[in-house]
Amino acid sequence: MKETLRYLAGIAGPSGYGSNSTAEQVIQDYACSDPLHLTAIITGATSGIGVETARALAKKGLRIVIPARNLRKADELKEVIRKESPKAEIIIFETDISSFVSVKRFCSGFLALGLPLNILINNAGIYSQKLEFSEDKIEMTFATNYLGHFLLTELLLEKMIETAEKTGIQGRIINLSSAIHSWVRRDAFCFNNMLNPRNYDGTSAYSQSKLANILHVKEVATKLQARNARVTINAVHPGIVKTGIMRESYKGFITDSLYFTASKLLKSTSQGASTTCYVALSPQVEDCNESDCSALANDELEAQKLWMQTNALLQRYLYPPPAQHVLLCD
């Protein structure tokens, strides 16, 4: 209850920021070392929190790379950013985060540019009331929110480590998660069922994907520490933000008028993006306003198991065994 009251009042935590802080306030407080040589990839940058994250970081002078499914929206965002920051460098790739082939193609295209990679923000997310499948025939929420970002991180991790070693600037990986991850019961967190649910529920699928985002962070952090790499990975909860996902998740539960009234208590997208920008730029990430995860999200064995299951799945999809040909002699 105490934390809820602090949140509603916008009282600052250890980081010096509270729920009322905006992305612009955060970036004004941090001086980037050579910002024009910093590169950030932001998924889901064409809507919601992603728009404000891209706009704020571009204003700070970072080069922004946007993998986007909708090129028209990406081009419109580029124009908006350019009007505010004429010198901003914005690079767009047509990419579907829910598609393994598309993610792999994006990573190959980005790496071919020979640019550094300092910041990777796994921000894209969807909430679906109905059961839908990706082109890989995997439940769409899990494919988009978790699997696509897992693959993206794996394919770009060496570039991030290499960049950090060359520049001496710590790399940052950020997974957008949610407090809703704590709704997942241990007996309901089944990998195969998340790929192809027997009884689909939109809220369950979303919360499971957000739990997977945190477990992904736990395991990658362990691997980075073992390598003594100058790259950190964090999961962030942006707060309860007035976005399309939030509105979609309440359909069928409350009326439009009630949602409109309740939305006055929600964060704006700029306020939601402040957490991401803080973790991306702050030299004191350990001073962030930390929140406790569920027991399941803190389970190291569960994180290891999920990583192994995911890696095995991706190996099957991306590197299938060669077809066996049998020659018959007359």
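Some notes on this structure:
- Integer Hz, Karplus 6.51/-1.76/1.60 couplings in order for region 216-222, x for Gly and Pro: 4, 4, 4, 6, 5, 4, 4
- Integer Hz, Karplus 6.51/-1.76/1.60 couplings in order for region 279-284, x for Gly and Pro: 5, 6, 10, 5, x, 10
- Along each principal axis, taking the top coordinate minus the bottom one, the Cα set of region 145-229 gives 49, 21, 19 Å in descending order.
- Amide H contacts under 5 Å for residue 99, placed H, 5+ residues apart: none
- Proximity of backbone amide H atoms, modeled 1.01 Å from N, is registered between residue 92 and 66 at under 5 Å, excluding neighbours fewer than 5 places apart on the same chain.
- Exceeding the 30 Å Cα-Cα cut-off - candidates 137/210; 73/218; 104/305; 73/166; 60/166: 73/218; 73/166
- Backbone phi angles across region 42-55, fed through the Karplus curve with coefficients 6.51, -1.76 and 1.60 (θ = phi - 60°), yield HN-Hα couplings of 10, 7, x, 7, 9, 8, x, 4, x, 4, 5, 5, 5, 5 Hz in residue order; Gly and Pro are listed as x.
- Counting 0.36 nm for each residue step from residue 186 to residue 199 and taking away their Cα separation leaves a gain of 3.0 nm.
- Heavy atoms of the protein chains alone define the surface here; on that basis region 178-237 has 50 Å² accessible area per residue at 1.4 Å probe size.
- Spacing of the modelled spin labels on residue 76 and residue 312, each 7 Å from Cα toward Cβ, amounts to 4.4 nm.
- Working note: Debye formula, equal point scatterers on the alpha-carbon atoms of region 37-96, no solvent; log10 I(q)/I(0) at q = 0.16, 0.18 Å⁻¹ is -0.38, -0.49.
- Quick note on region 85-192: its Rg to Rh ratio, both from C-alpha atoms and Rh being the Kirkwood radius, is 1.02.
The values are calculated or read from the model by the stated rules, or taken from the named source; none is laboratory data. For clarity, every value in this text was computed on a predicted model and none was experimentally measured. Positions of Cβ are generated from backbone atoms using ideal geometry, with glycine treated the same way; all protein chains shown enter the neighbour counts. These accessible areas exclude ligands, DNA and RNA; they are computed on the full protein's heavy atoms, side chains included. Shrake-Rupley method; radii C 1.70, N 1.55, O 1.52, S 1.80 Å.
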